[in-house]
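Reading through the structure tokens given below for one structure.
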Amino acid sequence: CSSYGNRNFWAYYNNWFGSTISQVPAGVTVSRINGLNRFEVSAQISKGYFAPGVAAAYVVSGLDFADGVSAGAAAAHDGGPVLLIEQNSIPSAIAAELTRLQPQRIVIVGGEGVITPSVAAALGRWSADVQRVAGPDRYATSRAVAEYAFAGGVTSTFLATGRSFPDALSASAAAGVGGSPVILVDGSQGDLDSATQATLDGLGVQQVHLAGGTGVVSSGIESALVTKLGAGNVDRLS
């Protein structure tokens, strides 16, 4: 019954108001950036928004999310793109984009387990300055990226769980616009870990935005931040 009901509702709505497909508000344009795979999409985004000679291009694994979301706000802060590559090779679309970009600096985010030394060496073809920012796990890498890109200090940051990608991904765009890093934590833990506390202190963070509900970033982490920064300086976006 529900399937017939849905069909009937669609038929009546379509007859009365017109199709909901391809209805775009006045003054709004729609475009699509695409490619045959995630690597080509990455290259096309870079090509559409970044001119040659960018200060930095951030290169991350396209096979997992963690390093990419950590790199997003950092790349925005440095005025460059995030480019996805494979563990053992540089996709042809990315090679072509690096040739066009000629970045002053290439920043590899992630350890040798996600991007091999041979790939790091190959990236030297496009820049004399190739640096790797990494830690022993995704959380340490996230902190290292924040400390690297925002070494001059920041007033605010976003904290998101590193166990899944959606909240960190949503936060990365807002963080990039606001000039803040995204720091990944193990949101299931009952307290804020000492390493993250040290990073917040080192950056001079005064305000923290938690991305996601208590099911992904625990109330214990929130309480620790409130104790540290004050209730008015900690908010949860969920």
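The values are calculated or read from the model by the stated rules, or taken from the named source; none is laboratory data. What you see is a predicted model; the values in this text were computed from it and never measured. Heads up, the Cβs are rebuilt from the backbone with ideal geometry, glycines too, and the neighbour counts pull from every protein chain shown. When the accessible area is computed, the model is the full protein with side chains, heavy atoms only, and any ligands, DNA or RNA have been set aside. Shrake-Rupley method; radii C 1.70, N 1.55, O 1.52, S 1.80 Å.
Here are some notes:
- The residues listed here are 97, 112; of these, the one that is touching a Ser or Thr at 6+ places or on another chain (Cβ under 8 Å) and among the acidic types (Asp, Glu) is 97.
- Sole residue being more than 13 Å from the chain's Cα centre (by Cα) and aliphatic (A, V, I, L, M), chosen from 171, 151, 160: 151
- Test: residue in segment 96-103 that is within 19 Å of residue 39 (Cα to Cα), among the charged types (D, E, K, R) and free of Cβ contacts under 8 Å to residues at least 60 places away in the same chain: yes
- Those residues of segment 73-95 which are within 21 Å of residue 113 (Cβ to Cβ) and in contact (Cβ under 8 Å) with a residue 40 or more places away in the chain, in sequence order: 74, 82, 83, 84, 85, 86, 91, 94
- So residue 38, is it of a type in the set (D, E, K, R), open to solvent by less than 70 Å² (accessible area, probe 1.4 Å) and out of contact with any helix residue (DSSP H, G or I) (no Cβ under 6 Å at 6 or more places or on another chain): no
- Spans of strands (runs of 3 or more DSSP E) in segment 53-125 with at least 1 residues open to solvent by 20 Å² or more (accessible area, probe 1.4 Å), at pLDDT 95 or above and under 19 Å from residue 170 (Cα atoms): 82-85
- Residue among 145, 177 that alone is touching a residue at least 24 places away in the same chain (Cβ under 8 Å), in contact with a helix residue (DSSP H, G or I) (Cβ under 7 Å, 6 or more places away or on another chain) and not hydroxyl-bearing (Ser, Thr, Tyr): 145
- So residue 132, is it surrounded by fewer than 22 Cβ atoms within 10 Å (Cβ to Cβ), of a type outside the set (Asp, Glu) and within 28 Å of residue 185 (Cα to Cα): yes
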